[in-house]
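Nothing in this text is a laboratory measurement; each read-out follows from the coordinates by a stated rule. The structure presented is a predicted model; accordingly, all values stated were derived computationally and were not measured. In this analysis, Cβ positions are derived from the backbone assuming ideal geometry, glycine residues included, and neighbour counts consider all displayed protein chains.
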Amino acid sequence: VRPKICVSLSILCLDGLLTSQWPDFRGLGHDEAGGFLFSYEQYFGAKEPSKASQKKRDAGEEISADRTRRLFYVTSTRAKNSLAHVIYTSDIAKVKSDLIERKFAKEDEIVVL
């Protein structure tokens, strides 16, 4: 199943301490790939956690959105010159507003493809 919408975020990473590993980084978030370890749709609020995930979260256990948060942080702080995250989503508006609200990107840094 192909994703309906793609949001491409392109920002310059300014963290001088953690950006020495890669000169450029391109990340891909694709929930429909069939994996369960990461969920960009959950992390950015486009999809609610499943009942099982919510039960785990209520019990203080880790869910895919938590792992995705760490993955997003690591990939976002390791780019030296440029950074682009490609996020496939079924809800562009929600992901876009979440990126802006969390100050991960400015409106003009988000490109909808």
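Just a few scattered comments:
- Of the chymotrypsin sites (Phe, Trp or Tyr not before Pro) in the range 31-106, those whose Cβ has at most 13 other Cβ within 10 Å and which sit in DSSP loop: PHE36
- Cross-link pairs exceeding 23 Å between alpha carbons, from the set LYS80/LYS106; LYS51/LYS96; LYS55/LYS103; LYS56/LYS103: LYS51/LYS96; LYS55/LYS103; LYS56/LYS103.
- Normalised radius of gyration (Cα atoms, divided by 2.2 N^0.38 Å) for the range 38-90: 1.29.
- Annotation for the range 59-109: GluC sites (Glu not before Pro) lying in DSSP loop with at most 10 further Cβ atoms inside 10 Å of their Cβ are GLU61.
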